[in-house]
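Presented below is the structure to which this report refers.
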Amino acid sequence: MTRSLRSVLAFLPAMAIVATSGAALAQTTPPTVSCIDASRPNLIYVAGSTALRPFLGTMAQVLAKEAPAYTIVYQGQGSCTGVSAILSDDPAKQIIKDIPAAGGKAANYAIFFKADGSAQECSLDVAGNTVDLGVSDVFAASCGQTLGANMADYLGPIQPMTFVVPAASSQRSISAEAAYLAFGLGGAGGKAAPWTDPSLFFVRNASSGTQQMVARAIGVPGDRWWGKDRGGSGAVVSGLKVLLTPDVAEKSIGIISADLADAERNNLRILAFRAKGQDCGFLPDSTLASKDKVNVRDGHYPIWGPVHLFARTSGALPNAAAGAFVTRFATVRVDKTLIDALIDKSLVPQCAMRVSRTSELGALASFSPEFQCGCYFDARTTGASSCKTCQVPADCPTSAPACNLGYCEAK
């Protein structure tokens, strides 16, 4: 079967999705320990995207092996909160504080990651703690912010965003036009069938990078969506996966990052997406069963962007805490251990991409990174690669002279 036949799913008409605004929540249980402890001397205070929690757990395992080791303390409130924590001039936005339950809103406490990537709820200083690193799924401009002097945006791996439905749903695909009818018009009086009940739209809010990115793909502003804000990516997953009754599942839909969707494939189904101007809908991967992110890497699947790591700088350098994190991605050749961890979390290292963009869902450009790992990515995700294997560069042909991670690459 050819790649095009495997990767393209024909668009099924009249399919959509929807959402509203609200607070993005994280932990809700009152913490019993402090985030600050003598056993965790080197802390990195991180704020931002709830969708990036799995990524931060992966990075926590990497940083725990450093000398000195660092511990990530994280509070998820949405991508734009992370952007503001670094780019805003307002001192109140540059800190994270415990957020107890109040006025019907759930609490949002910080967590710290242990060396194995697991998390523990913890309490922050009463006066708050200054954020070292803001993590976002989207560019600063998507949050209405501008990168100023003594600020930097370090780019991490590529993260796709997806439309998902419960496993009991029969739906397989959605178009940008159909999603507009649902998200923008609340189902458009039945025209977005089967998605006509906004109470079953599992969405986020205008501070969410997931929603901001998808918003650009379907042409509905992130603060104008129909549906119910579920507070965080984890709540979207937990809410959708328990919808087992076929008629309810059929009407339900949500938006989450691909790494979260991939981890729930037994419970959720990723929908193929047909962008405006496309003849077919594409999955992020070549098939529903694979995790090769082929259609992300070559640009056929459009809803993706780099993870943004925002930090304040002095003399063009971030502080030690932020630096311990971002320098992992500021080198031409990313460490193999980190590449493995990113791939295993359904993120795409920059070295495996064949296209790039410089703005939110902006125009695609051909991309040829200085260190390439596309062959290795294929091998790790599919068990095979068409590239020649190698031990040293001398094993490689002139057309692919670099021996990277055991495979011959162009660079």
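What follows draws every value from the coordinates through simple rules; no lab data is involved. Note that the coordinates shown come from a computational prediction; the quantities given were computed from them, not determined experimentally. With ideal geometry, Cβ positions are generated from the backbone for all residues, glycine too; neighbour counts draw on all protein chains shown.
Which pairs break 25 Å Cα to Cα here: K291/K336; K241/K345; K241/K291; K65/K291?
On the way: K291/K336 19 Å; K241/K345 19 Å; K241/K291 20 Å; K65/K291 28 Å.
Violating the 25 Å limit, Cα to Cα: K65/K291.
Per the Debye formula with a single identical scatterer at each Cα and no solvent contribution, what log10 I(q)/I(0) holds for the stretch 315-411 at q = 0.20 Å⁻¹?
Normalising to I(0) and taking log10 leaves -1.06.
Give the cross-link partners of K276 among the lysines, using a straight C-alpha distance below 23 Å as the criterion and excluding same-chain residues fewer than 8 apart.
Partners found: K191, K293.
Please state the relative contact order of the chain as a whole percent: Cα pairs under 8 Å, 6+ residues apart? Provide the component values of the computation, followed by the final result.
On the way: 1035 pairs, mean separation 86.7, N = 411.
Once divided by the residue count of the chain, the mean separation gives 21 percent.
Tell me which cysteines of the chain come out unpaired when the rule is another cysteine's Cβ under 4.7 Å.
C280
What relative contact order, as a whole-number percentage, does the stretch 355-409 give when Cα pairs under 8 Å and 6 or more residues apart are counted?
So the answer I get is 27 percent.
Under Stokes-Einstein, with the Kirkwood radius over Cα pairs standing in for Rh, what whole-number D in µm²/s applies to the stretch 355-409 at 25 °C and 0.890 mPa s?
The calculation lands on 199 µm²/s.
Lysines near K93 by alpha-carbon distance under 26 Å, same-chain residues fewer than 8 away left out - which ones?
Leaving aside lysines fewer than 8 places away in the same chain, those within reach of K93 are K105, K228.
Based on the mean of other Cβ atoms within 10 Å per residue, sort peptides 340-347, 306-313 so the most packed one is first.
Output ranking for 340-347, 306-313: 306-313, 340-347.
Among (i) 20.7; (ii) 24.8; (iii) 44.8, only one was calculated for this model; which label is it, if the read-out is mean projected area of the Cα convex hull in nm²?
Recomputing mean projected area of the Cα convex hull in nm² here gives the entry labelled (i).
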